[in-house]
Amino acid sequence: MISNQVLQDTVDGIKAISRTDLCVMDTDGKAVASTIGDVSEYVESVMIFSQSLAESQMMQGHQFFKVFDENQLEYIILVKGETDDAYMVGKLAAFQIQNLLVAYKERFDKDNFIKNLLLDNLLLVDIYNRSKKLHIDTDVKRLVYIIETKKEKESSALETVHNLFAAKTGNFVTAVDEKNIILVREVKPGEEYDDFYKTANVVLDTLRGEGYPEVQIAFGTVVDDIKEVSRSYKEAKMALAVGKIFYEEEDVVAYSNLGIGRLIYQLPLPLCKMFIKEIFENKSPDDFDEETLATINKFFENNLNVSETSRQLYIHRNTLVYRLDKLQKQTNLDLRIFEDAITFKIALMVVKYMKYMESREF
């Protein structure tokens, strides 16, 4: 069904061009878009006209026209005036709205197909049969973006993203839940991951400009065939979830850049608890004071470089060495040794993952 706003924009445009007032009414005689003030006096005439066999008729100084959707009467158009020009305006309006019905139905059919494709609700034979019927190429490269706006039931964000890619027929915009917008993007020859990030940043900047300050975007890997689109969607979902745990400061997260976080995210919680207990015994990284944690994080940021870390922390080198020695006594891990540093880093990430998963249970 075409939205009333689209119909209103259409009749406003026709009025601006033709300088002729018109109104679109549903089959119950209710005005859904109009440039005419009060149309209540025409309701009875509309009801009579809707039951007649005529496709157009002149009554009460107005031209009446029918608009059908697959032989089902959908709208009645009233055009003010009895002249040939008024008749022409009415025929053009009926033609325009008829085409809008066809376009919106095609968009709806494609939308349902893409949703079922993403959710793995289609058999392989159905994927190719419906792709052919809907004129969707099956063998082009694509990848999937998930755009989370933090606001539920917000259709305006979906429409904003759709308008960004409306002119690009190889892309599809849909939603499978109330919070996330899905973009299935066609990948052109020669495009690389920098181009994918640019697309994400365009969406990010546009939505922020439309009043959505909290937006996070994740995308999967490129797939070669339409049957694999659901895999890219699942990867994007994982990237969004992992990004919330380990990359909170990032607005755009790619599945290919998740690193070890992707592995940790798939670990069962009992195994994580066992690992932390083996590494820290009865301690936890949460038990360390802020100064120690800041030192650890800065040390990792500087690739275990003692001199650079002490410089950025504005402390003497010997002070940093003292803190690292103290940490070694507490954990039996010397962060200056690569293997111990890796173990400690993984442990910190595992604890972060455990806290996130436990918070979701409440």
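Quick notes
- Residues of the range 199-217 satisfying the condition of being part of a helix (DSSP H, G or I) and surrounded by fewer than 20 Cβ atoms within 10 Å (Cβ to Cβ): N201, V202, L204, D205, T206, R208, G209
- Qualifying residue in the range 157-180 (condition: in contact (Cβ under 8 Å) with a residue 60 or more places away in the chain, assigned to a helix (DSSP H, G or I) and in contact with an Asp or Glu (Cβ under 8 Å, 6 or more places away or on another chain)): no
- The set of residues in the range 114-126 being under 22 Å from the mean Cα position of the chain (by Cα) and either surrounded by 18 or more Cβ atoms within 10 Å (Cβ to Cβ) or in a loop (DSSP other than H, G, I, E, B) (or both) consists of I114, L117, L118, L119, D120, N121, L122.
- Candidate set: the range 174-198, residues that are of a type in the set (F, W, Y) and open to solvent by 50 Å² or more (accessible area, probe 1.4 Å); chosen: the one nearest to D139 (Cα to Cα): Y193
- Among residues of the range 15-74 being free of Cβ contacts under 8 Å to residues at least 24 places away in the same chain and among the β-branched types (V, I, T), the one that is surrounded by the fewest Cβ atoms within 10 Å (Cβ to Cβ) is I17.
- Taking each residue of the range 326-354 that is closer than 14 Å to I260 by Cα and looking for partners that are hydroxyl-bearing (S, T, Y) and outside any helix (DSSP H, G or I) with beta-carbon atoms closer than 9 Å, six or more apart or interchain, yields V351/S284.
- Restricting the range 129-152 to residues that are open to solvent by 30 Å² or more (accessible area, probe 1.4 Å) and farther than 21 Å from A236 by Cα leaves a set whose member that is modelled with the highest pLDDT is D137.
- Yes/no for E278 being without any contact (Cβ under 8 Å) to a residue 24 or more places away in the chain and under 28 Å from Y128 (Cβ atoms): no
The values are calculated or read from the model by the stated rules, or taken from the named source; none is laboratory data. Computed from a prediction, not measured in an experiment: that's the story for all the values here. Every residue, glycine as well, gets a Cβ built from its backbone with ideal geometry; the counts of neighbours run over all protein chains shown. Heads up: the accessible areas ignore ligands, DNA and RNA and are worked out on the full protein's heavy atoms, side chains in. Shrake-Rupley method; radii C 1.70, N 1.55, O 1.52, S 1.80 Å.
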